[in-house]
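Report on the structure given below.
Derivation of every value follows stated rules applied to the coordinates shown; laboratory data play no part. Everything quoted here is computed from the prediction, not taken from an experiment. Here the Cβ is made from the backbone with ideal geometry for all residues, glycine too, and neighbour counts use every protein chain on show.
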Amino acid sequence: MNIIKSIFISSIVVVWVFFTYIFSREAIVEGYSLTLVGLFFSGVVPLAYFAYLLGLKNIPRTSRYLTVFTILITLGVIFISIDIYQHGASAYYLLIASTSLLLWVLYVYWYSIFAKSRMELKVGDLLPELTFTAGNQPVSTSSLRGKKLLLIFYRGNWCALCVAQIKEISAQYKELEQRGVEVLLISPQPSRHSMSLAKRLKVNFQFFTDVDNSMARKLMIDQNYGIPFGYRIFGYKNDTVLPTVIIIDEAGKILFLDQTDNYRLRPEPETFFEVLDV
């Protein structure tokens, strides 16, 4: 199923680029019509959403159901249907709008949703020893005992919401430092990508690599074929990690654990502070 999702997410953006081209051609050749408005809502609006998503700065979450976008795309189908009924507009454009709506519904209600968590750990448990690499040197969580740790497992630089989440946490760096918390950012992506992100952010966080996604599999937060199809050409492997946040105390006991069931939803930093201030 995940490989189908991988192909799906890489394909739909291309489809919406094509639909935007159809809208542009219709605007130039035919001019204003209800069909033109319908094509804008059903074809251009979804592409604009992804452009917005990629341009996010510090907002690693959207609404769960993206209701406004869903309404606009649905209106596109309705407007084209009205134009067909009233003026005999081409049913070809209705097919485009209907296809766009179907793809959007699949994106919101199928692609965005993760399978039920397999993680067996819970708040109050001790975090098992985990070993990552930093600059090709192994680092174990046991060597960091005596510190409160905020572990953020993120999918990679390719994931706009993951990067936005890291930026959001970066903005709260001083608040975390005052509470004696050390932030570990963990990804299975090649270390060069993590180092590139570290240079961009310029914060005192530790970027670790989970080689072969082995620690994610140990925690049962791995995701096979979670990378969008075609991203291997950028050095990524097929498998990744499910976005997960774990806070542990100085003894390694889990104080907070969040594994989102929707890749567009991430916990608010204020939630971390509430846990840490108890």
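Some observations on this one:
- Too-long pairs where the Cα-Cα distance tops 19 Å, listed order kept, from 5/122; 147/253; 116/148; 116/253; 122/218; 5/237: 5/122; 116/148; 116/253
- Per DSSP, loop chymotrypsin sites (Phe, Trp or Tyr not before Pro) in the stretch 217-267 with at most 11 further Cβ within 10 Å: none
- Cα gyration tensor shape for the stretch 175-224, rounded if a/c is under 1.5, else prolate or oblate: oblate
- For residue 167, the lysines whose Cα comes closer than 19 Å to its Cα, not counting residues fewer than 8 places off in the same chain, are 57, 199, 202.
- Take every pair of alpha-carbon atoms less than 8 Å apart whose residues are at least six positions apart; their mean separation over the length of the chain yields a relative contact order of 23 percent.
- Residue of 214, 98, 143 that the Gaussian network model of the chain assigns the largest fluctuation, springs spanning Cα pairs under 10 Å: 143
- More than 32 angstrom apart: percent of Cα pairs within the chain: 34 percent
- Rounded to 5, the percent of DSSP beta bridges in the chain classed as antiparallel: 65 percent
- Each of the peptides 35-48, 18-31 was scored by the mean count of other Cβ atoms within 10 Å over its residues; in descending order, highest first, they stand as 35-48, 18-31.
- Of all DSSP-defined beta bridges confined to the stretch 131-276, some 65% are antiparallel rather than parallel.
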